[in-house]
Amino acid sequence: QVQLVESGGGLVQAGGSLRLSCAASGRTLSTYIMGWFRQDPGKEREIVAVIRSGGSTHYADSVQGRFTISRDNAKNTVYLQMNSLKPEDTAVYYCAADLDYSAYAQGWDYWGQGTQVTVSS
């Protein structure tokens, strides 16, 4: 089992930055694919960024160039640096882990509880 705990969400003005953290326990993350997802009320949970065990990354088009995902295997932690935030980035952000990649939330096995990010205009 993998337990994931997100932190770092909050309220920020448009154009500002936030850094989300996802701390894992129960297993070492080094072999897992890690992802950040987000969800607005009434909408499906969508993928934001993914980092594979080897360090390669993938981003949703909507955040490409503004968000950066990284991992520190020694600390068993994954980060999402969010810059140039926009009101449309407002959502609950979730950290996820799995041994196999899926573009869809239902394909991921382990989830954190989520952290709210609100971007004011």
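Here are the numbers:
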| quantity | calculated |
| --- | --- |
| ASP40 accessible area, 1.4 Å probe, all protein chains in place, Å² to nearest 10 | 50 Å² |
| Accessible area expressed per residue, the chain, with surrounding protein chains retained (probe 1.4 Å, Å²) | 50 Å² |
| Whole-percent carbon and sulfur share, accessible surface of the range 28-121, 1.4 Å | 46 percent |
| Relative contact order (%) - criterion: Cα under 8 Å, at least six apart; region: the chain | 36 percent |
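The values are calculated or read from the model by the stated rules, or taken from the named source; none is laboratory data. What you see is a predicted model, and the numbers here were worked out from it, not measured in a lab. Calculation scope for accessible area: heavy atoms of the full protein, side chains included, ligands and nucleic acids excluded. Shrake-Rupley method; radii C 1.70, N 1.55, O 1.52, S 1.80 Å.
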